Amino acid sequence: MAVVTGAARGIGAAVVRRLAGDGWRVVAVDACADDPAVDYPLATPADLDDVARAGEVLPVVADVRDQAAICDAVRKAVDQFGGLDAAVAAAAVMTGGRPLWETSDEQWDVLNSVGLRGVLHLARAAVPALLERPAPRSGRFVALASAAAHHGLYHLAPYCAVKHGVLGLVRGLAADLRGTGVTATAVSPGSTDTAMLAATAALYDLESPERFGAQQLVDRLLQPDEIAAAVSWLCGPESGALTGSALMADGGFVG
């Protein structure tokens, strides 16, 4: 059983579909609402309902910024499916396009509250449920970081800071989970064909996000399902040797 945040579209939706296709029962969580601090449309309830058709998927409308709502989503997972084996923090937004010193508090706050505090909220809710499984456990906590967690990106310093924070959180969480059988890892995607990447292209006044593909050794944009395949593997028992580290699913990002 897994819970996935940011599940209504993009990489999060691909993760839900991949896990459901592999036989997982999934609680798919998304806020399904726009935000005045974000300059592009976010996912809708209809998007989440569409993802829920992938298999044994329970859609839950909840904002990762709301700790009580995320705790309730995890409780739903435990109550309906009998326990929790994996949690995937995929919720994030994009804003920026200005130098760091011109970043507004509103931009900083929405990036941090969704992209980093949201990971914290899922960890607080999900890790105790993962630890409730009897030993020997193979619980998995996976967070979506980014190539921006490893490289500085022009006019995206706050986003880079948030993704560096995600990686630091995962490393610290893995240390806290030492010897429990539960692991904590991150996946750092490169430029992936999503609505968020299209919004990033708009910040740079690019005519198409396809331009970002040239920054990667594969010389193309990645597809959400390629990232979901990495996440799905990390959720499984075969990934037990990895914890406290990031899997670079970045297409050979060159920056």
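Brief remarks follow.
- Scanning segment 79-94 for residues that are surrounded by 18 or more Cβ atoms within 10 Å (Cβ to Cβ) and at pLDDT below 95 yields a total of 1.
- Figure legend. Inter-residue proximity from segment 95-115: first residues on the phi > 0 side of the Ramachandran plot and at pLDDT below 95, second residues among the hydroxyl-bearing types (Ser, Thr, Tyr) and in a helix (DSSP H, G or I), beta-carbon distance below 9 Å, spacing 6+ or different chains. Indicated pairs: Gly96/Tyr159; Gly96/Thr200; Gly97/Thr200.
- Hits in segment 120-162 (condition: buried (at least 24 other Cβ atoms within 10 Å of the Cβ), in contact with a Ser or Thr (Cβ under 7 Å, 6 or more places away or on another chain) and in a loop (DSSP other than H, G, I, E, B)): Ala145, Ser146
- The residue that is modelled with the lowest pLDDT, counting only those in segment 246-255 that are surrounded by fewer than 16 Cβ atoms within 10 Å (Cβ to Cβ) and closer than 20 Å to His164 by Cβ, is Gly255.
- Test: residue in segment 164-185 that is among the basic types (Lys, Arg) and within 15 Å of the chain's Cα centre (by Cα): no
- Subset tally (residues that are surrounded by fewer than 21 Cβ atoms within 10 Å (Cβ to Cβ), within 18 Å of the chain's Cα centre (by Cα) and not in a helix (DSSP H, G or I)) for segment 217-241: 2
- Only residues that are modelled with pLDDT of 95 or more and buried (at least 21 other Cβ atoms within 10 Å of the Cβ) were counted across segment 63-78, and they come to 4.
- Filter result (in a helix (DSSP H, G or I), without any contact (Cβ under 8 Å) to a residue 12 or more places away in the chain and either out of contact with any Lys or Arg (no Cβ under 9 Å at 6 or more places or on another chain) or crowded, with 16+ Cβ neighbours inside 10 Å (or both)) within segment 190-213: Ala201, Arg211
- So Ala31, is it in contact (Cβ under 8 Å) with a residue 60 or more places away in the chain, within 18 Å of the chain's Cα centre (by Cα), over 24 Å from Glu106 (Cα atoms) and crowded, with 23+ Cβ neighbours inside 10 Å: no
- Filtered residues of segment 34-75 (kept if closer than 29 Å to Glu132 by Cα and in contact (Cβ under 8 Å) with a residue 60 or more places away in the chain): Ile70, Ala73, Val74
The values are calculated or read from the model by the stated rules, or taken from the named source; none is laboratory data. In this text the structure is predicted, and so the values were computed from the model without any measurement. So basically every Cβ, Gly included, is an ideal-geometry build from the backbone, and we count neighbours across all protein chains shown.
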